[in-house]
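Every read-out reported here was derived from the displayed coordinates using simple, explicitly stated rules and does not represent laboratory data. Just so it is clear, the structure is predicted and the values come from calculations on it, not from any experiment. For neighbour counting, all protein chains shown are included, and Cβ atoms are generated from backbone atoms with ideal geometry for every residue, glycine included.
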Amino acid sequence: MAEIGIGLVGGGYMGKAHAVALSAVGAVFDTPLRPRLEVIAATSADSAERYRKAYGFARGTADWRDLVADPKVQAVVIASPQSTHRAIAEAAFAAGKPVFCEKPLGASLEDAKAMVAAAEASGLPNMIGFNYVRAPATQFVRQLLAEGAIGDVTWFRGEHTEDFLADPDLPSTWRTRDRANGCMGDLAPHPINCMLALMGPVAELSARIETVHATRPGPTGPEAVTNDDHAQLMLRFASGVMGHLYISRTATGRKMGYAYEIHGTKGGIRFDQEDQNSVWLYRAKGPEATRGYTRILTGPAHPDFLPFCQGPGHGTGYQDQIIIEAKDFLTAIHTGQPVWPTFRDGLAVWQLVETAFQSSDSRQWLAVPPT
């Protein structure tokens, strides 16, 4: 096995998740490449040193440019705010270093296009962090659909519903300002990526995007909320199948409602991330009296489960999804072959988000441009 020096930009919520994953991935998956935690960058020298000690990096810095330029850093993981993604990725590719970037790909469609151009011009491995779609259950659902387990798909319904801003008395924060931090910029990329993975490209859509709570308490009085709280999209996939997607950060009672339901001519599938180790499968065969959805608990027979645990039904969790991402990124670097999802897949998500905004503003069905 060989070591590879990793530079991590950002040490907060997602930075910690990636640091833990990079420390664990070699042992979990016995990867040919083993991460060596070289440099972590944060917004100040104090926070960088704090993260360095906590996560086990060799060095900390308050300037991500130092991280990218460090010869001991051979690959870069970006877990900083989306407004910083483009500059870091472009600099890393220019320095000849593969990049893993947290979703979304930049802060705008323009950023995403520029990042794809830089990635593809460099010829270097690149990946975007859509972790939920890597859960063994959803990987298994992709297999079921590819095998035609439920026949021809006739309908799709997806959602990503949470309630962290359901209370109108919660104060104004950065999350309630700027379009990129709204529901469509923050939550929607995850279910859109999942939907594209399961159903293929979207041909056209009609969207309605709204702010539920127009103001929130601020230090000196009510402050306007300048981004969206929830959205719904009616969809027509390129396959001709109809679909619907709902995204909300004000869905009272929902904590991690990343869920989907798929109907086919020979059965159906249901999944909910709040019960991420279960897939519900219906097969339309046998006597009507004994038909029904069967709960399938994930286990060693399902993708990427066995390296974590040998016991069926014991389950994987959120952090395990990040470890799977780390394994995929190392695989792309080791083999030199793209591993889904790449930056171009992140661009496809941004294109759909932008089309949804245009549809909501114009109150029209719109075609989704190819990427």
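Taking only alpha carbon atoms, the stretch 2-129 gives an Rg to Rh ratio of 0.95, where Rh is the Kirkwood radius. Averaging Cα coordinates gives a centre for the stretch 66-97 and one for the stretch 322-369; these two points are 19 Å apart.
Only lysines eight or more places from residue 285 in sequence, or on another chain, were considered; those with a Cα closer than 25 Å are 266. In straight-distance terms, cross-link reach from residue 16 covers every one of the lysines whose alpha-carbon lies under 25 Å from its own, apart from those fewer than eight places away in the same chain; here that gives 53, 72, 97, 103, 255, 327. Specify whether the C-alpha gyration tensor of the stretch 158-230 places it in the rounded, prolate or oblate class, a ≥ b ≥ c being the square roots of the eigenvalues: rounded for a/c under 1.5, otherwise prolate if a/b is larger than b/c and oblate if not. It is prolate, given that a/c is not under 1.5 and a/b is the larger ratio. Normalised by residue number, the volume inside the convex hull of the Cα atoms of the stretch 309-371 is 147 Å³ per residue.
For the stretch 76-226, the C-alpha radius of gyration sits at 1.25 times the compact-globule guess of 2.2 N^0.38 Å, with N the residue count.
By its C-alpha gyration tensor, with a ≥ b ≥ c as the square roots of the eigenvalues, how is the chain shaped: rounded for a/c under 1.5, else prolate for a/b larger than b/c, else oblate? Verdict is oblate for the chain. Maximal additional length on extending the residue 335-residue 318 stretch stands at 3.5 nm, based on 0.36 nm per residue less the C-alpha distance.
What order, most packed first, do the peptides 324-334, 288-298 have when packing is the mean number of other Cβ atoms within 10 Å of each residue? List each step's numbers first, then the result.
Working: 324-334: 22.9, 288-298: 12.4.
Highest mean packing first, the order is 324-334, 288-298.
Which three numbers, in whole Å and largest first, are the semi-axes of the equivalent ellipsoid of the stretch 27-67 derived from its Cα gyration tensor as √(5λ)? If you can, show how the numbers build up before the last one.
Values: eigenvalues 111, 25, 8 Å².
In descending order the semi-axes read 24, 11, 6 Å.
With a Förster radius of 41 Å, plug the Cβ-Cβ distance of residue 30 and residue 242 into 1/(1 + (r/R0)^6) and report the FRET value to the nearest 0.05. Once the sixth-power term is evaluated, E becomes 0.40.
So for each of 256-268, 140-152, 338-350 I average, over its residues, the number of other beta carbons within 10 Å; can you give me the resulting order with the highest mean first? Don't skip to the end; give the middle numbers.
Details: 256-268: 18.6, 140-152: 15.5, 338-350: 21.5.
So the order, starting with the most tightly packed, is 338-350, 256-268, 140-152.
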